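Single-structure report; data block below.
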Amino acid sequence: MSAPPMPAKRRAWEKAILTRPDLLSQMASAVGESYHIIDPNTFAANLADFAAVFDECGVTGRIRYGYKANKARAFVRACADAAAIAPPSRYGVDVASAEEFGAALAAGVRGEEVMVTGPAHSDDVLRLAARHRALVALDTVEQVSRVLEHTPTEHLNILLRMRPDDPTTRFGMSGWGLQQAVADLQESDRIVLRGFSFHLSGYDVWPRVAMAHRAIDACQRAREVGHPADIVSIGGGIAVDYVEHRDWDTYRARESGEWYFDGKTAGSLYPYSTEVAGAAMLERILCDSDTTHPESVGVRARSSGLSIMIEPGRALCDGAGISVFTVRGVHTHTDGTDIITVSGTSMSLSEQWFDSEFLPDPELVDPLGSQPRSDTPIVRHPAIVAGATCLDTDLLSRRRIPFSRRARVGDLIVYPNTAGYQMDSNESEFHQVPVPPKLVLHRQASPTTWSIDR
Ligand SMILES: Cc1ncc(COP(=O)(O)O)c(C=O)c1O
């Protein structure tokens with residue numbers, strides 16, 4: 001039994017490229033059978049959408065790209081280019097290692113535009129942060145004690161990460177720990193408490209509004225004892241709408257093990273469509289009031305001279321990349337399921353490694369450009385998509401996707417909207433096969449050109 005169709009929401013550049021099998025084939029002959037395409041223009045437009053919301057709400061905003069979502073240098077360069085013509089501190093990058101920090105600097109991001117997140121920072125990253133006036137989130141009392149004991153010779157700007165009421169998270173401080181950290185920091189004039197941060201799992205507006213109010217309260221209390229405390233970071237977790245609501249609702253309501261090759265439904269699924277996503281979700285967080293506070297987060301931030309930081313990863317990558325694989329083989333399994341084996345592996349489509357399933361449907365593209373006739377009745381050809389490795393579990397799509405025709409060797413399979421977390425967080429050179437390169441589109445050129453991301 002086949003899963004229902006899950007057509008992806010596609011940006012115009014993506015639709016255009018799907019009509020250019022010549023370009024896709026040219027890319028494959030130049031760089032190999034599997035590759036990713038990224039579009040920095042879309043990434044830059046996403047940055048601008050978030051900035052516009054801060055402006056409309058009259059809030060000083062700091063947007064830090066969560067670098068973990070995609071390693072593309074072109075995206076970090078887009079942050080640097082945006083920063084060059086924006087008010088100070090507006091754009092930057094959220095890093096979680098000395099390597100990401102170095103790559104951000106190499107792409108032109110200034111040190112003071114870097115936000116360091118993640119647990120238990122290395123000495124290298126703390127040294128870099130102090131040298132470059134970056135901001136560092138500290139998330140345990142022990143880390144605070146450690147930086148106080150080994151104070152860098154230069155000032156270190158820090159945020160204290162707050163722990164949500166979620167027993168399953170290992171990050172952040174709350175209650176006594178947070179108070180202790182604020183008190184301990186009063187002893188140092190070199191470790192500067194610039195404010196509070198949090199990052200929530202899930203993609204809901206209201207828990208973020210409630211936590212943001214708690215962080216604003218914490219800033220006000222910290223100011224009373226002499227800390228500058230002028231920044232609240234609300235982290236990432238800004239939702240992305242990959243598919244239409246009705247398709248997502250149908251999938252969730254009817255999901256059945258019979259759709260999947262191994263008979264098991266997904267352990268969990270990303271919310272592929274939500275009530276509010278992207279920049280509109282930021283607007284809700286800043287502008288809506290909840291029952292606990294008569295004033296919105298935006299109004300409180302403005303009246304107390306606080307800036308609000310966001311660290312979106314996935315949402316900035318929304319619509320900014322696709323992944324292309326070449327069909328190596330098509331065969332029918334003993335249970336009747338068609339299996340399409342592609343060049344490359346599911347390690348280039350990370351969702352599959354979290355007992356989950358990447359739901360926006362991939363597209364089959366004939367490299368010779370032939371299109372089905374428009375008067376041909378649609379007959380669905382359900383198939384799963386497998387990687388070219390010796391692992392049984394290496395499936396890019398475990399569900400039977402209702403393709404509009406049977407795949408042929410040499411076809412291209414194009415997965416939509418993969419820039420956020422799908423492309424490279426799990427990639428490896430398994431079987432000594434090089435990881436698929438990222439190709440950067442230059443749409444401002446006419447005709448469109450491309451280069452390898454470096
Ligand atoms: C501290 C922090 N900030 C930002 C992010 C980015 O989250 P997202 O890509 O959902 O926006 C993460 C993701 O894990 C995170 O841990």
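The values are calculated or read from the model by the stated rules, or taken from the named source; none is laboratory data. These numbers come from a predicted model, not from an experiment. Cβ atoms come from the backbone with ideal geometry, glycine included; neighbour counts cover every protein chain shown. To get the accessible areas, we keep the full protein, side chains included, count just its heavy atoms, and leave off ligands, DNA and RNA. Shrake-Rupley method; radii C 1.70, N 1.55, O 1.52, S 1.80 Å.
Output the number of residues of the range 173-187 satisfying the condition of being outside any strand (DSSP E or B) and closer than 12 Å to A218 by Cβ. Don't jump to the end; show me each part of the working.
Residues of the range 173-187 outside any strand (DSSP E or B): 174-187.
Subset that is closer than 12 Å to A218 by Cβ: 174-175, 178-179, 181-182.
Qualifying residue count, the range 173-187: 6.
Restricting attention to the range 112-168, the residues that are touching a residue at least 60 places away in the same chain (Cβ under 8 Å) and more than 16 Å from the ligand (Cβ to nearest atom) add up to 0.
For the range 389-427, give me the residue count where each residue is among the polar types (S, T, N, Q), under 18 Å from D338 (Cβ atoms) and touching a residue at least 60 places away in the same chain (Cβ under 8 Å). Before the answer, list the steps.
From the range 389-427, those among the polar types (S, T, N, Q) are 389, 393, 397, 404, 417-418, 422, 425-426; that's our starting set.
Now narrow it down to the ones that are under 18 Å from D338 (Cβ atoms): 397, 404.
Okay, now just the ones that are also touching a residue at least 60 places away in the same chain (Cβ under 8 Å), so none.
Going through the range 389-427 one residue at a time, the tally reaches 0.
Which one of A84, A74 is assigned by TED's automatic domain parsing to the domain that holds A212, open to solvent by 40 Å² or more (accessible area, probe 1.4 Å), closer than 30 Å to I285 by Cα and away from the ligand (no atom under 16 Å from the Cβ)?
Details: A74 fails: open to solvent by 40 Å² or more (accessible area, probe 1.4 Å).
Among A84, A74, only A84 is assigned by TED's automatic domain parsing to the domain that holds A212, open to solvent by 40 Å² or more (accessible area, probe 1.4 Å), closer than 30 Å to I285 by Cα and away from the ligand (no atom under 16 Å from the Cβ).
With V232, V240 as the choices, which residue is under 22 Å from S201 (Cα atoms), within 15 Å of the ligand (Cβ to nearest atom), in a strand (DSSP E or B) and among the aliphatic types (A, V, I, L, M)? Reasoning before the result, please.
Details: V240 fails: in a strand (DSSP E or B).
Going through V232, V240 in turn, the sole match is V232.
V209 meets each of the listed conditions (1) over 27 Å from the mean Cα position of the chain (by Cα); (2) outside any loop (DSSP other than H, G, I, E, B); (3) closer than 26 Å to V93 by Cα apart from (1). Residues in the range 417-433 that are among the charged types (D, E, K, R) and open to solvent by less than 30 Å² (accessible area, probe 1.4 Å): D424 only.
Against the definition (open to solvent by less than 20 Å² (accessible area, probe 1.4 Å) and within 23 Å of the chain's Cα centre (by Cα)), how does P436 come out, yes or no?
Values: open to solvent by less than 20 Å² (accessible area, probe 1.4 Å): yes; within 23 Å of the chain's Cα centre (by Cα): yes.
In short, yes.
Taken over the range 256-266, the criterion of being exposed (fewer than 15 other Cβ atoms within 10 Å of the Cβ) and either assigned to a helix (DSSP H, G or I) or hydrophobic (A, V, I, L, M, F, W, C) (or both) is satisfied by G257, E258. Can V232 be described as surrounded by 20 or more Cβ atoms within 10 Å (Cβ to Cβ) and farther than 23 Å from C317 by Cβ? Here the answer is yes, as V232 does meet what is asked.
For the range 195-217, which positions are buried (at least 20 other Cβ atoms within 10 Å of the Cβ) and more than 16 Å from the ligand (Cβ to nearest atom)? The answer is V209, I216. Q371 falls short on exactly one of the conditions (1) out of contact with any Asp or Glu (no Cβ under 7 Å at 6 or more places or on another chain); (2) within 16 Å of the ligand (Cβ to nearest atom); (3) farther than 16 Å from H36 by Cα, and that condition is (2). Where strands (runs of 3 or more DSSP E) fall entirely within the range 267-375, those with at least 1 residues that are open to solvent by less than 30 Å² (accessible area, probe 1.4 Å) and over 30 Å from Q220 (Cβ atoms) are at 321-332, 338-342, 363-365. When D123 is tested against (1) at pLDDT 95 or above; (2) open to solvent by 50 Å² or more (accessible area, probe 1.4 Å), exactly one condition is not met: (1).
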